[in-house]
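Take a look at the structure below.
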């Protein structure tokens, strides 16, 4: 046993690790310079006052104290973002699951439907679609024209703070394509015999859905939930374009990310914006942790049963 | 719908009926019901897809309409079909769209190359090589999936500002060569793991180094994964708005999404037709990619849960 000792140990260690670290090198550089470095730097900056022109000045917890005690825009941004996440994510997932179930079991022309339903997800992040959305929800835009057909008088969607967030919720739900594809893959994995057995036991469609589909799909639902939640907290360009970059009207579209951008790049409050960034990171981490923690009670994986 | 075909069949027949007939009746009832449900499903799906696709078709039609016909109507067919909006839109801003499209192409092509190379390197290391600390790096890599770009944005901006890179394309391109997109690494790992390990082992016995194995075996076999990463990388970079918004301040450097936004900030709201025309052109490359590579895209999502 002289493999780990003697003059060859170093060489051996080097040789064993060289290839791995060589291939990992670009990622490692990126990780330190562009990920963990900036995350820690922004933590430090969050305790300073910094406007780029003058060097950062340490002010302790002042940014955070100001944020939670006095900053009404911060509270508004939290409220807007939470409303968006809490409404749009479940709506999107329910819609995605509904369509995926309709598409399941070898329906004709499935390829066409799948492509059509996925198309909005691929185009949805673009500025072109955000611009289109603004026009759809204009007072004499398409949405109100459609409402007029059924005798309803639509509101000023974009100018009225009561309705403006709905335009973005609809935009988010419209992009239900990727959770739908993931649901579809999950549904395929449910053994058909279970449904047949349930039918013989005289179970109706509702019963089958809650007794078979939901429990067996729980891991996939959970995966989609976490992914879409993070995505919703991060969403930016739609709100930025539709609100004209400021969260208007009356800050009703002031997404957390929009507020952060505004503080950092319109007012050059880099320290305060860093504190906002850390709050956002902690919120996302907390929500993900809650999702994982509660998943014990409703998500069961196939191989751990018995 | 609570009526069950099996129970009614049983009730209707004496208990002595053979099980084969019972099974046939059950199958027939099931097929009948499936057919009816199938029709309902198709109606639901067709209606949904029409609603889904309507906004996009409306935008195409609006790009051919004069401004006074765009609003207040649901119609998808322009009364007069003209291409003027395209010509006007192309030159509507202080810099022509030729420039914006070239800028976007440059950034996108380099980003795609960077992402594919660097992410497949990292994926290969994680999927196939053994080295000290691998599990820790892997966990850290997966954690970066959760971190919003906004959290690293400010320090990254300050870093690039100090390097003198603001108002160049470097902040948009260089990070792509450093495997910043953990999703792609994950996709590569998933794919590499499916390749038979015997190939590597045989090559190793023949004296191939890990570099040779990557180049001669792994890379040629994983073209589908690389193509998937390339397609998503193309779409995301082409659509990227926040990066260019932060780093590019001169109009002649703008990428297409930034240029489109200029239509909104301009006064005199008589530019709707040209704005829609340019919007259509801006998503045309993505649309074509989607049509051509649909299969790869859809498989890629199912495999890794990409956005």
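Put simply, when A:173-182, B:136-145 are sorted by average Cβ atoms within 10 angstrom per residue, most first, you get A:173-182, B:136-145.
Averaged over the residues of B:155-163, the number of partner chain Cβ atoms lying within 10 Å of the residue Cβ comes to 5. Averaged over the residues of peptide A:135-148, the number of Cβ atoms from other protein chains lying within 10 Å of each residue's Cβ is 4. Value of Rg to Rh for the range A:1-96, rounded to two decimals, is 1.28; Kirkwood radius and Rg both from alpha-carbon coordinates.
What the Cα convex hull of the range B:188-267 gives, in volume per residue, is 124 Å³. Of A:285, A:91, A:264, the residue with the greatest mean-square motion in the GNM of chain A, using alpha carbon springs below 10 Å, is A:285. For chain B, the orientation-averaged shadow of the C-alpha convex hull comes to 27.3 nm² (one quarter of the hull surface). Per-residue shielding of B:183-192, expressed as the average number of other chain Cβ atoms within 10 Å of the residue Cβ, stands at 0.
Convex hull volume of the Cα atoms of the range A:65-304, normalised per residue: 162 Å³.
Packing here is the average count of other Cβ atoms within 10 Å per residue, and on that basis the peptides B:24-30, A:25-31, highest first, run A:25-31, B:24-30. Work out, in µm²/s and without decimals, the Stokes-Einstein translational diffusion coefficient of the protein assembly as shown at 4 °C, 1.567 mPa s, Rh from Kirkwood over C-alpha pairs. The estimated diffusion coefficient comes to 48 µm²/s.
Relative to the 2.2 N^0.38 Å rule of thumb, the range A:185-272 has a C-alpha radius of gyration ratio of 1.85.
Since every read-out is calculated from the coordinates, none of them should be taken as a lab result. Remember, predicted model here, so these are calculated numbers, not experimental data. No Cβ is skipped: glycine too gets one built from the backbone with ideal geometry, and neighbour counts run over all protein chains shown.
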